[in-house]
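The structure appears right after this line, and notes come after that.
Each reported figure results from applying straightforward, stated rules to the coordinates on display, with no laboratory input. None of these values were measured; they are calculated from a predicted model. Backbone-built Cβ (ideal geometry, glycine too); neighbour counts: all protein chains shown.
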Amino acid sequence: MSSVLVCGVFATVANADTKNAIPVKVGAYEYGVVYFFENDKPSGFTPELIADLNAIQSKYFFELVETSSRRRYNDLAMGGFDLILMESPDWDWRDQDVLFSDPIVVEYDLFIARKEDVPGPGWFDDITRHELLCVLGFHYKFASFNANPEYLQDHFGVLFHYDEQQLFDHLLDGEGDVGIVSAGFLARAYAKNPELSQRVFIGPSPDFSYELVAVLSKQSAISLAEFNDLIRIVKREGNIAQEWRDMHGNLPTG
């Protein structure tokens, strides 16, 4: 399997002939180990799951389409893709005219701080006392999943960054007091540079633990029932759980 960029679409290329397969466009944006770039190539759990879905059947051909955390709702509503992988229904989806798949994996959002600043776990008892760093467009339990930037700034004085890597870098450089990142992202950062674990204090309780699902448009090329059937097959015959655990190292995976 490999991935190529064609007109803004990253397509997972299967060995089998896909000429007669029904295309299913899958939205993805940079988040944790779900989707990221490594050596300028799309990587992460979503591309791997797309490859798994293409490998077990030939009726559909799943291909990846890039979006952003803030643009994803409109892109799905306007038909830019059929479904988006690895979402929580609590992330502003419940009021949308969409369908939710069965749970796929579980993720955690962790509070982190510079170890030198933290006298002990009690420092995290009320994180709203601290200057918080968040990712623009992401949803957090401490704010009742309200991702509106003005609300977060007015009520919590949040400092925003484009993605988790930018947030992490700025936190370590001395900006703000507490950052919130996914366990998957932090595990990937530690894997690249194990010494970082000596500089980071992880709060004793996560901001949120949540089941990640697929969100399907009601006009999706694949039905919810068929998609759930494929996920069940991949879970049974593949290594979804092990792949997810491997991407998280010793950090929480549910």
How much length is gained if the chain between Asn193 and Asn250 is pulled fully straight, taking 0.36 nm per residue apart and subtracting their Cα-Cα distance, in nm to one decimal? 19.1 nm
Calculate the spin-label point distance for Arg129 paired with Lys115, positioning each point 7 Å from the Cα along the beta-carbon direction, and give it in nanometres. 2.3
Expressed as a rounded percentage, what relative contact order does the chain have, with Cα pairs under 8 Å and six or more residues apart? 27
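If you take every residue apart from Asn146 with its C-beta less than 12 Å away from the C-beta of Asn146, what net charge results, scoring Lys and Arg +1 and Asp and Glu -1?
Working: positive: Lys141; negative: Asp90, Asp92, Glu150, Asp154.
Every neighbour counted, the sum reads -3.
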Any idea which of Gln96, His155, Leu85 is furthest toward the positive side of the dipole for segment 70-207, if Lys and Arg beta-carbons carry +1 and Asp and Glu beta-carbons -1? Leu85
Under the Karplus relation 6.51 cos²θ - 1.76 cosθ + 1.60, θ = phi - 60°, what is the ordered set of whole-Hz ³J(HN,Hα) values for segment 23-34, x standing for Gly and Pro? x, 10, 8, 10, x, 7, 9, 5, 6, x, 9, 5
Result: in the chain the number of Lys pairs with C-alpha under 29 Å apart, spaced 8 or more or on different chains, is 20
Got a sec to turn the phi values of segment 81-97 into Karplus ³J(HN,Hα) couplings, 6.51 cos²θ - 1.76 cosθ + 1.60 with θ = phi - 60°, whole Hz, x for Gly and Pro? 8, 7, 7, 10, 8, 6, 10, 9, x, 6, 8, 6, 9, 5, 8, 8, 8
Surrounding charge for Gly44, neighbours by C-beta under 11 angstrom, Lys/Arg +1, Asp/Glu -1, total -2
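For the chain, rounded, prolate or oblate, judged on the Cα gyration tensor with a ≥ b ≥ c (square roots of eigenvalues), a/c < 1.5 rounded, else prolate if a/b > b/c?
Prolate.
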When the chain is modelled as a GNM with alpha-carbon springs shorter than 10 Å, which of Glu38, Glu211, Glu48 fluctuates the most? Glu38
With everything on Cα atoms, drop me the angle between helix 224-237 and the longest principal axis of the chain, reported from 0 to 90° to the nearest 10. 80
